Structure formats: C-alpha cells, structure tokens
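Worksheet: the structure to be examined is printed underneath.
The values are calculated or read from the model by the stated rules, or taken from the named source; none is laboratory data. In this text, all values refer to a predicted model and were calculated from it rather than measured experimentally. Here the Cβ positions follow ideal geometry from the backbone for every residue, glycine too, while neighbour counts run over all protein chains shown. Each accessible area value is taken on the protein alone, full model and side chains, heavy atoms only, with ligands, DNA and RNA left out. Shrake-Rupley method; radii C 1.70, N 1.55, O 1.52, S 1.80 Å.
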Amino acid sequence: AAENVRNQAMSSHAVARPMIAYKSGPLTGEAHVPGDKSISHRSLILGALSVGTTTIKGLLEGDDVLDTAKAMRAFGAIVTQHAAGNWSVDGVGVGGFCEPDTVIDCGNSVTGVRLIMGAMATHPIRATFTGDASLNKRPMARISDPLALFGAQTYGRSGGRLPMTIIGAETPTPVRYEVPVPSAQVKSAVLLAGLNTPGKTVVIEQEATRDHTERMLRGFGAEISVQINDAGREITLTGQPELQPQDITVPRDPSSAAFPVCAALITEGSDVLVPNIGLNPTRSGLFTTLREMGADLEYENERVEGGEPVADLRARFSPNMRGIEVPPERAASMIDEYPILSVVAANAQGDTVMRGVKELRVKESDRIDAMATGLRANGVTVEDGPDWWIVSGCGAQAVPGGAKCASHLDHRIAMSFLILGMASKNPVSIDDGSPIATSFPIFESLMASLGARLEHSQER
Ligand code: S3P
C-alpha cells in the first residue's frame, strides 16, 4: 500500500500542473491540515534507529516523507503503511544501518537527505544521495563539513552539491560543533551522527532553531541535555544509546496551517477554524507576527499534548492589518512562513520589513527572489537585498493580481501565489502546482472545501 501511495505521488509529480486561483470568499469551515513534516521525517528515522517496532499515527504522506520512508527501507528498516497516516517502523538499532544497494533519491526533500546523511555517516557503509533539480542545487557542505569531523568522507559535485557519496566513518570520533548558520537540519544531522559515536557529541547553536530532534531523541531514550550559555544553546548527546521504540502521534503542521490561516485573514468575510496545531515556540513565529499586524487570530482550547503546546486556531478576515518590522531574532521560528507572510503583507497597509533572512535564498528556491518577482508582476511593490526584503502593502482586497508566477519546484511558493489569487482583484496563476504534494497533498481539496476557487489551467 505504501508503494502505491509513493507511485501515485511520483506520477502526480512528474508532469507540471499549471493552476489558477480566482477571487474567493468567504472562506468558512474547518481546515484539518496534515501531520508535521519535520516530526514525520524524524519519526521514521528514529524509528529505524531503534530496536523494535515504532508506531506512527498521523504521518504526513507527502512526497518528501515518502522518500524518507523509502530510504529507511534501503538502509534495512521495515517500514509499513497500515492505513492512511498509520505506519510502523521495525528498526535496526543504532549502528545497524546496512549498505543500500541503490542510489538514495530524496526527491525534493532537503530535510530528509540532510538528516539521513547524518544518521548514516557514522556507520561503516557507503551510500550515494541524489534528488530533484531543486534539491541538487542546494548547499550540502554545511552537512558534509561537520560529518568529516566525525571521520566520514564525502564526495559531492562542485559547490558541495548532490549527488554526493558518503563513506561512513569506521571508528567515528565525537565532535564539538558550533553550527555556523541557524539550521535545525545541520544541528540534527550532527546529533544523528553522534548517535553511533562513542562519547559525547556537542552541538552549539547561537539561535534556537526547531527542537524536535532534541525532544524526540529524549523520548526515544537517549541521554541528551541542553544548556543555555553565552554561546547560545549547547546540546550534549551521549553516543551509542539503545533507542527504545515509541508510539508517536504526529501533531498537525503549523507550517501547513499557515496557508488556510493566512487565506482566511485576507479573504473577505472569512472565518476558518484550524484545529490541533502545535505551537512549539520554535515554530510559531508567524502567528505571533500576524497578531502584531492586527490579525483577528485567536488560540482556542489551548492545551498541552505529548509535551507540546497545542491550540485550535481561529482566523477571521482582518481588513485592517498593518505592516510591521519583523524582529530578525524571530526568523528561525518562522523560516518557512516568509513566503505566505509576504502575501499577507501585500494585503496589509504600509510596509512589512523582513531582515536577517538570508537563509531564504537557499531554500527549495531562492524564496525572496521567487516571491518578490511574482508579487511585483501582480502589482505589489517589493524591495530586496541579500538578507532583507520589504513588501509595501496595497491594503485589504486591493492587490491588482492578474499575472502568472513561477513556482520554481517549491511547494510553499506555489501555495503562496494561489492564496494571493484568492484575495486579489484579478486571478493569479502558477506554472506548476505539482510540488504542493511534497508537504500538503490535500491542499487543493481542503482549500476548495473552505470555498476557495482553484482550477487547473490548460495553458502551459
Ligand atoms: C527543517 C528545518 C528548516 C526548515 C525545513 C525543515 C527541519 O530548515 O526550513 O523546512 O525539519 O529540520 P533549516 O534547518 O535549514 O533552516
């Protein structure tokens, strides 16, 4: 069954799917968004590194995560889909990865490939990794550099890009590594490499990035501690634990929730409830920002589930939002949400200033360039520099629209422009909606159920 899901996903991904969004609204009803992408990847990987059966409920069945499931099978785990969202992983244990007999293709998923490279780099095996055109452009030296310190050898293309072969360390040595860019993926790759390394691996990050790896490693029984000191967050992991299989319920993804929430805020008359959203402070920066802009966004039924703060989000049309200066120190907690924030900013009054965001230039696409180009084509004024951009709002329901935008193999760019079209005077189209399946395979049907007017356009 899992293979079927994968094949469907692959076939939907192979062909470009031009789409168009028309002025919509009001958007009403409940939006049940899929499971968290970050936690889904980690559930599969940590399940594979445990001895015994990990069960996972609410796994995101997007292309990115399915590619990680496939990779875990290639390294020797038994990964089974039992029903929609219900999976199990029979793990091989820390140190138990076997050498894959084919190239590991992670598709569009940099999270998948970076975490898996970390996990395998301290096993005495070799593996070759590749991905799609977007993934094979992305910087991987930020992963191969620290993995070399453990004793792994890495051979990538120029600029440290994929495809890349890793010869895992035979006798890994623990490292103390200060992450040079704010990146949960780099932090996680180093921690996962530290699992099969004797002694203590230490990772220091100046700014807190999403902490799912630390929380989940603790949950799986690893000895891991976090200290806050002058250098930032210092995380210490004791290597070679026997990880205990877990029963995991994946929370719903705040980064996916961002799309129906923002669509409701900018679409006349809307009132949408997005239930069960994780509000881990390392992920919830967008919602804080929206409230500062004057969004009618309420947290209902606030509670703690599985150690994480959770709430139902209620978003209503907010015609009087104002641009703000987003604090740069908040960037890590909303790094995937800047594209959709820029769409809200276009529908607010005044300037929204976003600084300290150079990481946006090396995501699935150069997200500043992709959004700035498409917003300008739709009549919005945007200025940008190496690590900043400013969107000058047109006010509520006042974006001219009417242009076609390139999604650059980037799911979040594709979804952001479709939502722009729902609130603009004229329809907004995208050249390719197929990447949406990487993180939010039900986006189209879910948005349509709220009242969004989305269509597949014939034009290529
Ligand atoms: C992720 C970390 C972030 C984020 C990505 C998912 C993760 O990337 O952009 O979508 O699951 O660890 P960086 O850690 O590179 O900032």
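Calculate, for Ala133 and Glu329, the FRET efficiency according to 1/(1 + (r/R0)^6) with r their C-beta to C-beta distance and R0 30 Å; round to the nearest 0.05. Can you show the working numbers first?
Values: r = 33 Å, r/R0 = 1.11.
After rounding to 0.05, the efficiency reads 0.35.
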The simple spin-label model distance between Val353 and Ala16, using points 7 Å out along Cα→Cβ, in nm, is 3.8
Sum of side-chain charges, Ile143 neighbourhood, beta-carbon under 12 Å (Lys, Arg +1; Asp, Glu -1): +4
Heads up, I need the accessible area for Thr209: 1.4 angstrom probe, whole protein in place, Å², nearest 10. 10
If amide H atoms are built 1.01 Å from N in the plane of the peptide, which residues on other chains or at least 5 residues away come under 5 Å of the amide H of Gly52? Gly91
Each residue of segment 390-405 in order: what ³J(HN,Hα) in whole Hz does its phi give by Karplus 6.51 cos²θ - 1.76 cosθ + 1.60, θ = phi - 60°, with x for Gly and Pro? 10, 9, 8, x, 9, x, 4, 6, 10, 6, x, x, x, 10, 9, 10
Would you tally the net charge around Ser38, using a Cβ to Cβ cut-off of less than 9 Å, leaving Ser38 out, and scoring K and R as +1, D and E as -1? +2
Between the helical axis of 254-266 and the dominant principal axis of the chain, each derived from Cα atoms, what acute angle in degrees is found, rounded to the nearest 10? 0
Compute the length gained on full extension between Glu30 and Tyr299: take 0.36 nm times their separation in residues and subtract their Cα-Cα distance, giving the result in nm to one decimal. 95.4 nm
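Could you provide, to the nearest whole Å², the per residue accessible area of the chain with probe 1.4 Å? Intermediate values should be presented prior to the final figure.
Details: 16060 Å² over 460 residues.
Ligands and nucleic acids excluded, the figure is 35 Å² per residue.
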Most positive-pole-ward Cα, Tyr155, His123, Met334, against dipole of the chain from beta carbon charges: Tyr155
The FRET efficiency for Lys425 and Arg157, from their Cβ-Cβ distance with R0 = 51 Å and rounded to 0.05, is 0.70
Rounded to whole Hz and in sequence order, give me ³J(HN,Hα) for segment 240-253 from the Karplus expression 6.51 cos²θ - 1.76 cosθ + 1.60, θ = phi - 60°, writing x for Gly and Pro. 6, x, 9, 6, 9, x, 10, 9, 10, 10, 7, x, 6, 7
When a/c reaches 1.5 or more, the comparison of a/b and b/c decides; with that in mind, is segment 228-298 rounded, prolate or oblate per its Cα gyration tensor? oblate
Zone reached by a paramagnetic label modelled 7 Å from Ala398 Cα along Cα→Cβ, restricted to segment 243-277 with backbone N below 15 Å, covers none
For the chain, the longest principal axis of the Cα atoms and the Cα long axis of helix 2-14 enclose an angle in degrees, to the nearest 10, of 50
With θ set to phi - 60° and the Karplus curve 6.51 cos²θ - 1.76 cosθ + 1.60, what are the ³J(HN,Hα) couplings of segment 126-140 in order, to the nearest whole Hz, using x for Gly and Pro? 10, 8, 10, 10, 9, x, 7, 4, 6, 5, 6, 9, 8, x, 10
So the carbon and sulfur contribution to the accessible area of the chain, 1.4 Å probe, in percent, is 49
Angle, helix 367-377 long axis vs. longest principal axis of the chain, Cα atoms, 0 to 90°, nearest 10? 20
With a ≥ b ≥ c taken as the square roots of the eigenvalues of the C-alpha gyration tensor of segment 324-421, please select rounded if a/c is under 1.5 and otherwise prolate if a/b is larger than b/c or oblate if it is not? oblate
Within the chain, longest stretch clear of exposed GluC sites (Glu not before Pro) (DSSP loop, no more than 16 other Cβ within 10 Å): 269-458
Between Ala83 and Ile167, how many nm apart are label points set 7 Å from Cα along the C-beta direction? 4.9
Relative contact order for segment 200-296, counting Cα pairs under 8 Å that sit 6 or more residues apart, in percent: 25
Under a plain spin-label model, where a point goes 7 Å from the Cα along Cα-to-Cβ, how far apart in nm are Ser457 and Asp247? 4.9
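Counting pairs of alpha carbon atoms under 8 Å apart in space and at least six apart in sequence, what relative contact order in percent does the chain give? Can you show the working numbers first?
Values: 1190 pairs, mean separation 91.6, N = 460.
Answer for the chain is 20 percent.
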Would you list, by chain and number, the lysines whose Cα falls below 29 Å from the Cα of Lys137, excluding same-chain residues fewer than 8 positions away? Lys37, Lys70, Lys187, Lys358, Lys363, Lys404
